[in-house]
Amino acid sequence: MLTRPIRFTRFGSFYILFSIGVGAAAINTGNNLLYLILGILLGFIVISGFLSDSGLWGITTEWSPIGSFYAGQKALLLCRAQKGWFPGVALTVESHWQRLSSIQSFIPWIPARGSASVQVELVPSQRGYLTLERCHYSTRFPFGLFQKSHTRQMQDRWIVYPRVERLHRGLMDSLGDNLSRTSTSRQGMGSVPYVLRDYRSGDTLRQVQWKVSAKRQRLIVKETEEEADQGDLFYLDAWPAGLSAPQMERFISFVASLIFTTLELGRPVGLDILERLFPPENSPQQLHRIFKFLALVDPSPSGGPLARKRPHSTHTHLMDICSLWKSYGQSVPNRGIRG
């Protein structure tokens, strides 16, 4: 059975003591007016108890993230509270998070069989999982005599990416000619337009140029120019030795920053780190795949360098993350991003 603990407010405590005093006076004097006042006082207590209890019946909350979460940066979640047959009035939702302080959100009104939403702002302290452990619902409606509440276990969680910083453009330029964006002047998979031609059976609809097709009154597709290189592959054979826990977190943040900044420059980027290989690709999905891996990776010693043979291509530029970290990692500008 669901219990709703009661905590008397300061006004409620005074109200109860006053009611007891009126009751004692009515018994001692036998005054009917005092009995009438006592009945009214007790009636308010009964009404207050029923309305506050009804306001908590059937309340549930659904939590959804607004954007992605990054360690050390403000995160937003949408809390959607729903009620059953009775509306909720002046409700307080207190969310309890793992490794974070609890956060209180006030919802003035939830209609019967309806919902109301409120934004919750917090700052995840570290990468990994952001876990919502429980929600505590409470109300002092209608007279503020006492506070009724109940707690619901949640166990919802979301991934928090490592802290990502926009690396200075000069830092990326210092990587040299590896960040070239040349083309081969021949047809292939790329982003530079090569030729426009009529639609042929087997062409994908993604190649159709709809504006040009509308002008010419027939389907026209665009072929692109093959890129001269397949992108940049950052690799790591083993986690750096001798780093403290905070330094290791900064190193993982540096890896994420390299990936983000390279993709922001329009380059296909990949990551070859210990047991995982992400081939170079230029897409938001690639960014989130790599960030998810870095958010959950355990940088504990793995027993030695990686022995797996790294894929080699003359069109893929390999760059050692440890070398970049030693040269530039300690002086990365601290400018967070949101996504």
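The values are calculated or read from the model by the stated rules, or taken from the named source; none is laboratory data. This structure is a prediction, so every number in the text was calculated from the model and none was measured. Reconstructed Cβ throughout: ideal geometry from the backbone, glycine too, with neighbour counts over all protein chains shown. Accessible surface is based on the protein model in full, side chains and every heavy atom, while ligands, DNA and RNA are left aside. Shrake-Rupley method; radii C 1.70, N 1.55, O 1.52, S 1.80 Å.
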message: Exactly one of these conditions fails for Gly88: (1) farther than 29 Å from Ser13 by Cα; (2) open to solvent by less than 60 Å² (accessible area, probe 1.4 Å); (3) touching a strand residue (DSSP E or B) at 6+ places or on another chain (Cβ under 7 Å). Give me its number.
response: (1)
task: Could you tell me whether the range 256-273 includes any residue that is basic (Lys, Arg), touching a residue at least 60 places away in the same chain (Cβ under 8 Å) and closer than 18 Å to Tyr161 by Cα?
output: no
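Picking from Ser13, Ser52, Ser48, which residue would you name as being out of contact with any His (no Cβ under 7 Å at 6 or more places or on another chain), farther than 30 Å from Leu122 by Cβ and surrounded by 16 or more Cβ atoms within 10 Å (Cβ to Cβ)?
None of the others qualify; the one that does is Ser48.
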field: Residue tally, condition closer than 18 Å to Ser115 by Cα, within 14 Å of the chain's Cα centre (by Cα) and crowded, with 17+ Cβ neighbours inside 10 Å, over the range 64-85
entry: 2
- prompt: Do we find that Pro65 is farther than 25 Å from Phe146 by Cα, touching a residue at least 12 places away in the same chain (Cβ under 8 Å) and of a type outside the set (A, V, I, L, M) in this structure?
  reply: yes
- line: Over the range 91-118, the set of residues open to solvent by 40 Å² or more (accessible area, probe 1.4 Å) and either farther than 21 Å from Gly58 by Cα or acidic (Asp, Glu) (or both) is Gln98, Arg99, Leu100, Ser101, Ser102
field: Unique match (being at pLDDT 80 or above and within 30 Å of Arg206 (Cα to Cα)) among Leu243, Leu236, Leu277
entry: Leu277
